[in-house]
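Below: the structure, in structure tokens.
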Ligand code: PAF
């Protein structure tokens, strides 16, 4: 009988100094360093980032850290899924060189007083409904960049605004890091993968499809020649209301500035944040350009 071999899980570090020494060694060998920042509860969307990073980089670090500073006081920091053992198993055999799992105390030492404040496109959409969210994201990502010093960092397009802001941050702060943005991964029925999908009851899971269906409707309207943003937005709202979703925002925006557009006659991002029961989900779709994610 053939022995079953299981791939070893990648080495996990809680200590930034030990991780830094390993990364420095890889850098000395001329290996491009890749970073995939995550909050764990890894799903196929994360794993697509991980696989892309492992393919493109000589040394890849995945970080798993549920960052308290990006959650608002009434958000799900306490209940956010924490599945470290399963995450490490999911990373086994994927060409990852190290996993960084810092403690909250190590990331935010007593007296921590420095934060990255972002303006412009950080103040709309998620920024409007989750005040302080991007301050927390930018702060923790900059800290991870400083600890790992990657050449490339990988983000998912589901968090369109986050990815845009990370590009802004590296440009504004002159960080020599390429931000790579990977496509949204969806369930076969269209639901965008999210760590928060585990919160959905079967009925909420069915109703959550209204989000991707509303985005698809927007794309179809544009493909059939509708350019008036108000018409498209009204149809999107209608679709979401049909399944009783509570909308935070439905937006058609310039993909670089996130300013709202009146006419969809060029590439535009359609973005939604809506609540299904107690679960807040976000999703987006590019309109007015060939989509690779139909
Ligand atoms: O997208 C996420 O999971 C988080 O916002 C990130 C980038 C890991 C920062 O905590």
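The values are calculated or read from the model by the stated rules, or taken from the named source; none is laboratory data. These numbers were taken from a predicted model, which means no experiment stands behind them. Neighbour counts are summed over all protein chains in view; Cβ atoms, including those assigned to glycine, are modelled from backbone coordinates with ideal geometry.
Taking the conditions exactly as written (part of a loop (DSSP other than H, G, I, E, B) and within 24 Å of the chain's Cα centre (by Cα)), does residue 10 satisfy them or not?
Details: part of a loop (DSSP other than H, G, I, E, B): yes; within 24 Å of the chain's Cα centre (by Cα): yes.
Yes.
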Looking at residue 52, is it assigned by TED's automatic domain parsing to the domain that holds residue 149, farther than 30 Å from residue 275 by Cβ and either more than 19 Å from the chain's Cα centre (by Cα) or at pLDDT 95 or above (or both)?
yes
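Does residue 91 fit the bill of being more than 14 Å from the ligand (Cβ to nearest atom), under 18 Å from the mean Cα position of the chain (by Cα), touching a residue at least 12 places away in the same chain (Cβ under 8 Å) and over 30 Å from residue 270 (Cα atoms)?
Details: more than 14 Å from the ligand (Cβ to nearest atom): yes; under 18 Å from the mean Cα position of the chain (by Cα): yes; touching a residue at least 12 places away in the same chain (Cβ under 8 Å): yes; over 30 Å from residue 270 (Cα atoms): yes.
Against the criterion (more than 14 Å from the ligand (Cβ to nearest atom), under 18 Å from the mean Cα position of the chain (by Cα), touching a residue at least 12 places away in the same chain (Cβ under 8 Å) and over 30 Å from residue 270 (Cα atoms)), residue 91 qualifies.
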When you check residue 166 against the structure, is it in the same structural domain as residue 32 (by TED's automatic domain parsing), closer than 24 Å to residue 269 by Cα, in contact with a helix residue (DSSP H, G or I) (Cβ under 7 Å, 6 or more places away or on another chain) and assigned to a loop (DSSP other than H, G, I, E, B), yes or no?
no
Among (1) closer than 28 Å to residue 80 by Cα; (2) touching a strand residue (DSSP E or B) at 6+ places or on another chain (Cβ under 9 Å); (3) in the same structural domain as residue 36 (by TED's automatic domain parsing), which single condition is residue 178 missing?
(1)
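Does residue 230 satisfy being touching a helix residue (DSSP H, G or I) at 6+ places or on another chain (Cβ under 9 Å) and more than 12 Å from residue 274 (Cα to Cα)? Break it down stepwise before answering.
Working: touching a helix residue (DSSP H, G or I) at 6+ places or on another chain (Cβ under 9 Å): no; more than 12 Å from residue 274 (Cα to Cα): yes.
No.
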Of (1) under 16 Å from residue 145 (Cβ atoms); (2) surrounded by fewer than 19 Cβ atoms within 10 Å (Cβ to Cβ), residue 38 fails just (2)
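Residues of the range 239-280 being in a strand (DSSP E or B) and out of contact with any strand residue (DSSP E or B) (no Cβ under 6 Å at 6 or more places or on another chain), which ones?
Residues of the range 239-280 in a strand (DSSP E or B): 246-253, 260, 263, 268-276, 279-280.
Correct list: 263, 276, 279, 280.
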Only listed residue being assigned to a loop (DSSP other than H, G, I, E, B), more than 13 Å from the ligand (Cβ to nearest atom) and crowded, with 17+ Cβ neighbours inside 10 Å, chosen from 221, 175:
175
